[in-house]
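Read the structure below first, then the notes.
Nothing in this text is a laboratory measurement; each read-out follows from the coordinates by a stated rule. Bear in mind that the values here come from a model prediction, so they are computed numbers and not experimental data. Heads up, the Cβs are rebuilt from the backbone with ideal geometry, glycines too, and the neighbour counts pull from every protein chain shown.
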Amino acid sequence: MNVMTPYHSELRVRRDGFTQLLRAEWTKFRTVRGWLIGMAVAMLLIVGLGALTGANSECGIQLGPNSPSLACPAPPTGPGGEWVTDSFYFVRQPLAGNGSITVRVTSLTGLYSTSGGFASDQNPTAGMTPGVQPWSKAGIIVKASTRRGTAYAAMMVTGSHGVRMQWNFTHDVAGLTGKASAASPRWLRLTRSGDTITGYDSADGAHWTRVGVATLVGLPSTAQAGLFAASPGYSVTSRSFGGSSSMGGPTLATAAFDQVGRQGTWPASRWTGEAIQGAFDKALPVSAQGFTQTAGRFTVSGSGDIAPATDSIDVIRHTLAGTFAGLIAVVVIGVMFVTAEYRRGMIRTTFTASPRRGRVLAAKAIVLAAVTFAVGLVATAVTIPLGEHLLHGNGNPIPPVTALTWLQVVAGTAALLAVSAVLGLAVGTLLRRSAGAITAVIVAIVLPYLLAVTPGILPAGVEQWLVRVTPAAAFAVQQSIQHYPQVTQDYTPGNGYFPLAPWAGFAVLCAWAALALTFAVFLLRRRDV
Amino acid sequence: MTAVHAEWTKLRTLPGTGWLLLAAAALTAAVSAIAANSVSCPAGGCQLDPAKVSLTGIYLGQAVVAIVAVTVISGEYSTGMIRLTLAATPRRWRVLAAKAAVVSAVTLATGAVAVLASVLAGGLLLGRHGITAAHGYEALSLGNGPVLRAAAGSVLYLALIALFSVGVAAVVRDSAVAIGVVLALLFLFPILSSVITSPGWHRHLEQLSPMTAGLYIQATTNLRSLPLTPWQGLGVLAAWAAGAMLAGALLLRFRDA
């Protein structure tokens, strides 16, 4: 008689550990050739489109009709390493060692052009309208040297932001409010002690309030100190559904000073007036600026701005235009990672092997996110230097970014791709149909971004709202330029400025993904497969 | 004709079709109405194109239309139904033509409803915000030539998107990949043209983009600033659709199903 021996697996019986589940999902992922190809395509699209953008974006200036095109000049760099605008009229004397300067400002007026530009180099202010810009500024300044971009600290009155103390381009502290006038003058004082400059303001010259303390590292023992005036470019951006158009031009600010008081080692010589200005600054010609001095009263006229540069394009974000192509590819893979199982009936085997369905989805999400993050990390880390290299070769100046910002963009973009793929996985689980799920996710992420950054499709308010609440908010991680309240600028998504902070925007996408995952787990548990 | 009838029966009896078409119309009208309602313009002071604003929803509606169109082809591949279909109609181009005819017919009908609702809502809401003919804007009525062109053109735009999607689906067969390719081709051109600064390339990308060029048909004001005329723009999308259909037909003819 034959005895049938029942089959026993060689494997030991044990609980389905999460590690086994992860391994099973990883095996599924890496053995589907189409998904590996898809990941490679995503990487190639990100790198390739970045290279395409870099290779076809030229920047050049021609000084004359027949002269060769030169590379666009880079703005000067401030003490913090950022690009700055440093253009103003400076009435100065050298201040040796410690000391202080005090002044009374009795008026700040201005001129601007409603038609944009200026009349002629001989008479630049002809036909201009009286009016002061909100951030027109005049006051006293202590600066390392007359070279653009060097360290400084200044106390100033402004067009409509009251008294401010500003230093090293990015720092801005508010003092007394209200405008300076003959009836209500503003007293300003700067005191140097070593590397430390302290700013004070006063409404009467008797009662002084400390506004701020600036530490200017490496300020030379003899600094340049004195009066200044500057007025940033006037700009009106009219936005409509037909597109946006910008109009504006340089402006002039004129301030009246008296009661100039000096303490410390100052020369007895006269004051020197000088326009600090670069060849491509948005400022009136030197002939429009200047100063007069009569019996202790000074009038200083200046044009330009002392501020961080905010009108440069976000080069890093531009090199990453291919992120969208990569994103579409990884969302397709993310959705297919689950819908393929439904289509082939594999999902029944999966859930028989591992009846706790939520854990299966978690394992899938982890495997998918890890693979996508790695692919995204490599792609962005290659694309940014490649794109910048090509852009630089085409004459585009490359703005300096800190290592932290660079890391934020690279890791943020990789994380953005990973979470988008997981969102695809979750929506794929919910809908079980690949076409619908892919469309839903891509439309939720890419379309709001597209509508927000393309000027002229939607009103500005709707644009801002779209990149706040939709998953497209996560593209804020690609923003490498900063928003400065002390600079008037069209801070819109189209110009590269997102309303949310980088990681706050990313959190919006994560919230959407978490919501979809929770809902997917809930349905997975209730539904038949 | 039998092939068309067969395709119509298949499409009609799929559970999702009706809901998707309803969603396409509803989303188009809803987004259009939201866009029209969010216009804020101080006393006629801004240049805007009322027809374009009131048809903003097409951006979203086209995606839903693409789902329907892609599923008509790739749904058959995923279930194996395609083998039965091709056995019943061995002249394969007829199958594709019948599918294209049915999909464009339902899209035209859906699109007409969606566009009509959008224009009506737009007229009502924009009028409430002072965007009326009395303030010097284009009158938002279908009796006005350019507005009629924008409205009818938007319906045609949706039908061309459907044909384009059918063609792409016939080429790649898998629904996930097909919808990914369609959406990538629609959305990537405008994103790339927004970052490429060379004027020549920027213009060429806009002229080549199926979505950007195709939607020039919605423009009623400031036509001179466009790189193509409205009908030329729609022609670009038609060329994309024709190319995709041709590639799909050839592959269907010479490839095993």
Using the Kyte-Doolittle scale, which helices in chain B average at least 1.0 and also have C-alpha atoms spread 20 Å or more along the helix axis, with helices defined as whole DSSP H runs? B:15-37, B:58-79, B:92-128, B:145-172, B:175-195, B:230-254
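Can you give the mean number of other chain Cβ atoms that lie within 10 Å of the Cβ atoms in peptide B:49-58? Please list the in-between numbers first.
On the way: counts 4, 1, 1, 4, 5, 0, 0, 5, 0, 0.
The per-residue average across the peptide is 2.
Over all pairs of distinct alpha carbons, what does the Kirkwood formula give as the hydrodynamic radius of chain A, in Å? Numbers along the way, then the final one.
On the way: mean 1/r = 0.0374 Å⁻¹.
For chain A, inverting the mean 1/r across all distinct Cα pairs yields 26.8 Å.
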Test of the criteria: in the range A:22-127, which trypsin sites (Lys or Arg not before Pro) are in a DSSP loop and have at most 12 other Cβ atoms within 10 angstrom of their Cβ? none
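Once R0 is set to 30 Å, what does the formula 1/(1 + (r/R0)^6) return for the Cβ-Cβ distance between A:Leu11 and A:Val529, expressed as a FRET efficiency to the nearest 0.05? Each step should come with its number before you reach the end.
On the way: r = 25 Å, r/R0 = 0.83.
E between A:Leu11 and A:Val529, to the nearest 0.05, is 0.75.
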HN-Hα J couplings of the range A:313-322 from phi, Karplus 6.51/-1.76/1.60, θ = phi - 60°, integer Hz, Gly and Pro as x? 6, 7, 4, 4, 5, 5, 5, 9, 4, x
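What is the average number of partner chain Cβ atoms found within 10 Å of a Cβ in A:454-462?
Working: counts 5, 1, 4, 7, 8, 8, 2, 3, 7.
Taking all residues of A:454-462 together, the mean is 5.
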So what's the back-of-envelope 222 nm ellipticity for chain B, counting only DSSP H runs of four-plus at -39500 (n - 2.57) apiece and dividing by all residues, rounded to 500? -26000 deg cm²/dmol
With n ≥ 4 as the cut-off for DSSP H runs, can you work out [θ] at 222 nm for chain A, using -39500 (n - 2.57) per run divided by the number of residues, rounded to the nearest 500? -12500 deg cm²/dmol
How high is the FRET efficiency from A:Thr292 to A:Ile61, r the C-beta distance, R0 35 Å, rounded to 0.05? 0.50
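Roughly how big is chain A's charge dipole about its Cα centre, with Cβ charges of +1 (Lys, Arg) and -1 (Asp, Glu), in debye to the nearest 20? Mind dumping the intermediate values first?
Working: 38 positive and 22 negative charges, 433 e Å.
In debye, rounded to 20, chain A gives about 2080.
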Quick calc: nm separation of the 7 Å Cα→Cβ label points for A:Phe351 and A:Ser120 -> 8.4
Mean separation of Cα contacts under 8 Å, 6 or more apart, over the residue count of chain B: relative contact order %: 24
Output needed: percent of Cα pairs per 10 Å distance bin for the range A:367-441, bins running from 0 to the one holding the longest distance. 19, 34, 26, 16, 5
Neighbour counts of other C-beta atoms within 10 Å: give me A:Asp258, A:Asp281 arranged from fewest to most. A:Asp258, A:Asp281
Give me the one-decimal nm value for the distance between modelled label points at B:Phe254 and A:Leu404, 7 Å along each residue's Cα-to-Cβ direction. 5.9
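Work out how much length A:Trp208 to A:Ser312 would gain on full extension: take 0.36 nm times their residue separation and subtract the Cα-Cα distance, in nm to one decimal. Show your work: numbers first, answer last.
On the way: separation 104, 0.36 × 104 = 37.44 nm, distance 3.90 nm.
In short, 33.5 nm is gained.
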Quote the FRET efficiency, to the nearest 0.05, computed for B:Thr13 versus B:Ala109 with a Förster distance R0 of 22 Å and r equal to the Cβ-Cβ distance. 0.80
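Per residue of B:195-203, how many C-beta atoms from partner chains lie within 10 Å of its own C-beta, taken as a mean? Display every interim value, and only then the final one.
Numbers: counts 19, 10, 10, 7, 1, 2, 6, 2, 0.
The mean count of partner-chain Cβ atoms within 10 Å per residue comes to 6.
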For A:Tyr234, A:Tyr200, A:Tyr484, which order do you get if you count the other beta carbons within 10 Å of each Cβ and list the fewest first? A:Tyr484, A:Tyr200, A:Tyr234
How large is the convex hull of the C-alpha atoms of the range B:2-254 per residue, in Å³? 125
With unit charges on the beta carbon (Lys/Arg positive, Asp/Glu negative), name the residue among B:Leu234, A:Leu404, B:Val172 whose Cα is farthest towards the positive pole of the charge dipole of the protein assembly as shown. B:Val172
Roughly speaking, what is the centre-to-centre gap between the range A:17-33 and the range A:63-77 when only Cα atoms are used, to the nearest Å? 56
Gap separating the Cα centres of the range A:138-196 and the range A:85-100, nearest whole Å: 12
For B:Asp174, B:Asp49, A:Asp490, A:Asp204, what ranking results if the residue with the fewest other Cβ atoms within 10 Å of its Cβ goes first? A:Asp204, A:Asp490, B:Asp174, B:Asp49
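Please return the longest range in chain B lying between exposed loop sites, taking trypsin sites (Lys or Arg not before Pro), DSSP loop only, at most 16 other beta-carbon atoms within 10 Å, and leaving the sites out.
Numbers: sites that count: B:Arg91, B:Arg255.
My reading of the result: B:92-254 is the longest stretch.
What percent does the relative contact order of chain A come to when contacts are Cα pairs within less than 8 Å and at least six residues apart? Don't skip to the answer; put the middle values down first.
Numbers: 1179 pairs, mean separation 101.1, N = 529.
About 19 percent, as a whole number.
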Using a cut-off of under 11 Å, list every residue of the range A:78-92 whose amide N is near the label point 7 Å from the Cα of A:Arg262 along the Cα-to-beta-carbon line. A:92
So if I take the centroid of the Cα atoms in the range B:69-146 and the same for the range B:179-212, what is the distance between those two points in Å? 23
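Under DSSP H, which helices of chain A have Cα atoms covering 24 Å or more of the helix axis and a Kyte-Doolittle average no less than 0.0? Write down the numbers at each step before the final one.
Values: long enough: A:33-55 (32 Å, 1.71); A:323-344 (30 Å, 1.40); A:357-393 (53 Å, 1.25); A:403-431 (41 Å, 1.91); A:434-453 (28 Å, 2.29); A:502-526 (37 Å, 1.50).
Flagged H segments are A:33-55, A:323-344, A:357-393, A:403-431, A:434-453, A:502-526.
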Longest to shortest principal axis, alpha-carbon extents of the range B:68-134, angstrom: 61, 20, 11
